[in-house]
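These notes are about the structure you will find just below.
The values are calculated or read from the model by the stated rules, or taken from the named source; none is laboratory data. Every value quoted in this text rests on a predicted model; they were computed, and no experiment measured them. Virtual Cβ from ideal backbone geometry, glycine too; neighbours counted across all protein chains shown.
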């Protein structure tokens, strides 16, 4: 490269970089390792982690849950046709991937009760940001009411993006574990989580009334498993429904990759972020699939766009639709019921411990928050020594406990016994 440029050294290549900006003395890096030495080093680092399943029984949730991933999901989703597929710009060679995404959109729309769903976004947090952007663009109002029951990490992401977009965020506090909506004021978006971060089932009728009074669009962040038992947000007039699709087909990992669910009403389809797969016919009249509405503002008039996201989580979305197809309507309801029944059993067992009390008396589905004489972060640390990932420590010192279909009665009894020991 230096010879092609007519230069005699690397120093000449970077001569235009001011001396004050150059790194003096080089990087203090250790010498390189051979392949097997590097592998041994990485395995040693990995061994420092304690894993759920073989080492820790998981009662943690807060947006990422220890659900079963059936063998059929791994077998189908990890086929080379899906794993190696990238962007289906040429539909004639991407029909399998496009059809899988079309089916994914269909099940998300059915699950949420909305008219149309996109081909996914990065995760629940980014989906919430895109929903806020859509609502602000649709209403022309930049004020956003965020429920204090919205996942704190999602609130942080919305806040980060709002610093650039100029949205004015108003955090609405909780009362008794549920959002206490204001009775006056204007907003462009009203964002509520259903059930909320503490596991409590929010009153969507109250949220919808607050949105109507403020002249805002109602954005509902859902737990997709809970939707198998709860009335869908569409019945309350939700304009946008978002969520985290990790419970379907994606195991726990260090923060991802996960799956952002996004569905909306037909009225807002032109503002739908990301990809949208449609069904059509080819020149011979055969059913075919294509990315559709690609001439939306996010692609051709980007200065007017409410979103510039033009991609999706294809592989994770395929795993999601395979698991939902495997479960079916009855299987999904059974899964949600197992979670709800296990949660009720665990909640009663935990609240029977002296000194442990519920954060809220509101109904829950598969997650609940408690306070104990010992702070939540200390409980998590001590319970790990007992073989449990106890939950998620809350900022106020409480503990958020989740129960999935994988937790057995014996595991819940052992968890309660260990928690009583830690509390005492």
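Confirm whether residue 128 is under 22 Å from the mean Cα position of the chain (by Cα), surrounded by fewer than 21 Cβ atoms within 10 Å (Cβ to Cβ), in the same structural domain as residue 202 (by TED's automatic domain parsing) and assigned to a helix (DSSP H, G or I).
no
Regarding residue 154, is this residue under 30 Å from residue 324 (Cβ atoms), surrounded by 14 or more Cβ atoms within 10 Å (Cβ to Cβ) and at pLDDT 95 or above? Against the criterion (under 30 Å from residue 324 (Cβ atoms), surrounded by 14 or more Cβ atoms within 10 Å (Cβ to Cβ) and at pLDDT 95 or above), residue 154 qualifies. A single member of 218, 150, 227 is part of a loop (DSSP other than H, G, I, E, B) and closer than 28 Å to residue 333 by Cα, and it is 150. Just one of the listed residues (342, 331, 376) is under 24 Å from the mean Cα position of the chain (by Cα) and free of Cβ contacts under 8 Å to residues at least 12 places away in the same chain, namely 331.
Scanning region 49-80 for residues that are modelled with pLDDT under 90 and either part of a helix (DSSP H, G or I) or loosely packed, with under 10 Cβ neighbours inside 10 Å (or both) yields 49, 54.
Residue-by-condition table, conditions (1) in the same structural domain as residue 336 (by TED's automatic domain parsing); (2) at pLDDT below 95; (3) assigned to a loop (DSSP other than H, G, I, E, B):
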site: 382; (1), (2), (3): yes, no, no
site: 396; (1), (2), (3): yes, yes, yes
site: 401; (1), (2), (3): yes, no, no
site: 405; (1), (2), (3): yes, no, yes
site: 413; (1), (2), (3): yes, no, no
site: 417; (1), (2), (3): yes, no, no
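Within the bounds of region 161-178, is there any residue that is without any contact (Cβ under 8 Å) to a residue 60 or more places away in the chain, in contact with a strand residue (DSSP E or B) (Cβ under 8 Å, 6 or more places away or on another chain), part of a helix (DSSP H, G or I) and crowded, with 23+ Cβ neighbours inside 10 Å? Looking through region 161-178, none of the residues is without any contact (Cβ under 8 Å) to a residue 60 or more places away in the chain, in contact with a strand residue (DSSP E or B) (Cβ under 8 Å, 6 or more places away or on another chain), part of a helix (DSSP H, G or I) and crowded, with 23+ Cβ neighbours inside 10 Å. Checked against (1) within 24 Å of residue 383 (Cβ to Cβ); (2) surrounded by fewer than 13 Cβ atoms within 10 Å (Cβ to Cβ); (3) touching a residue at least 24 places away in the same chain (Cβ under 8 Å), residue 83 meets all criteria but (1).
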